[in-house]
Amino acid sequence: MPAAPLIRTATSDDEDALGRIDRDTWSTLHAVMPRPRPPYEPFYSERFGPRDHFVAELDGRLVGYVRLGFPTALACNAHVRQILGLAVADEARGAGVGRALLRAAREEARRQGARRITLRVLGHNVPARTLYESEGFVVEGILPGEFLLDGAYVDDVLMGHPL
């Protein structure tokens, strides 16, 4: 039986590995931005730094991350947190990494006093939607045909979970 992933808050030393995971897992299954090309943008930004990320390690290697933030900058929306990114390296899929990262984000949102947590997922991303539903997220809205990806219109699905 494989070891459970170690989940921890990201550090500045994780930036290069997180950037590689982000680039290696890029797919129109979940990405609406074009494929990254060199020179690559830094993974961390002015808006999102290490404090906004949990990372997963398996056997001492970084294999995934989740980004947790606010859906808007509005004070009237401060009781909500949103998952703003989740990626798991191909070699770690099926090892419980995504589930562990989701649970860590949910617990951190609770710790911060949030009342609910939301996320957006592309309608055709069945593996992600199945994971989210198994963790108690429900569809709260659909924007039909919101994105044109690889010549096909894809729904944007808003999912939420009370805390």
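In nm, to one decimal, how far is the residue 124 label point from the residue 32 one, both placed 7 Å along Cα→Cβ?
Between residue 124 and residue 32, the label points sit 1.5 nm apart.
Computed over the Cα atoms of region 32-143, what is the ratio Rg over Rh, Rh following Kirkwood? Each step should come with its number before you reach the end.
Details: Rg = 14.6 Å, Rh = 15.3 Å.
Ratio of gyration radius to Kirkwood radius: 0.95.
I need the peptides 5-15, 34-44 ranked by packing, meaning the mean over residues of other C-beta atoms within 10 angstrom, with the highest value on top.
Those peptides, ordered most packed to least, come out 5-15, 34-44.
From the square roots a ≥ b ≥ c of the eigenvalues of the alpha-carbon gyration tensor of region 1-58, which class results: rounded (a/c under 1.5), prolate (a/b over b/c), or oblate? Working shown, then result.
Details: a/c = 2.13, a/b = 1.30, b/c = 1.63.
Taking the square roots of the gyration eigenvalues as a ≥ b ≥ c, region 1-58 is oblate.
Once you put a point 7 Å from the Cα of residue 78 and another 7 Å from the Cα of residue 9, both along the Cβ direction, what distance in nm separates them?
1.9 nm
Mind listing the long-range amide H neighbours of residue 85? Cut-off is under 5 Å, sequence gap 5 or more, other chains count too, H placed in the peptide plane at 1.01 Å from N.
It is 67, by chain and number.
Residue 41 label point, 7 Å along Cα→Cβ, cut-off 19 Å on backbone N: hits in region 50-80?
Zone members listed by number: 50-54, 65-73.
Just read off the accessible area of residue 146 with the full protein assembly in place, 1.4 Å probe, to the nearest 10 Å².
90 Å²
Among residues other than residue 159 whose Cβ falls under 9 Å from its Cβ, what is the net charge (Lys/Arg +1, Asp/Glu -1)?
Neighbourhood net charge equals 0.
The values are calculated or read from the model by the stated rules, or taken from the named source; none is laboratory data. Please read all numbers here as calculations on a predicted model, not as lab measurements. A quick note on method: Cβ atoms are made from the backbone with ideal geometry, for glycine too, and the neighbour counts reach across all protein chains shown. Ligands, DNA and RNA are stripped out before the accessible areas are found, and what is left, the full protein with its side chains, is counted by its heavy atoms. Shrake-Rupley method; radii C 1.70, N 1.55, O 1.52, S 1.80 Å.
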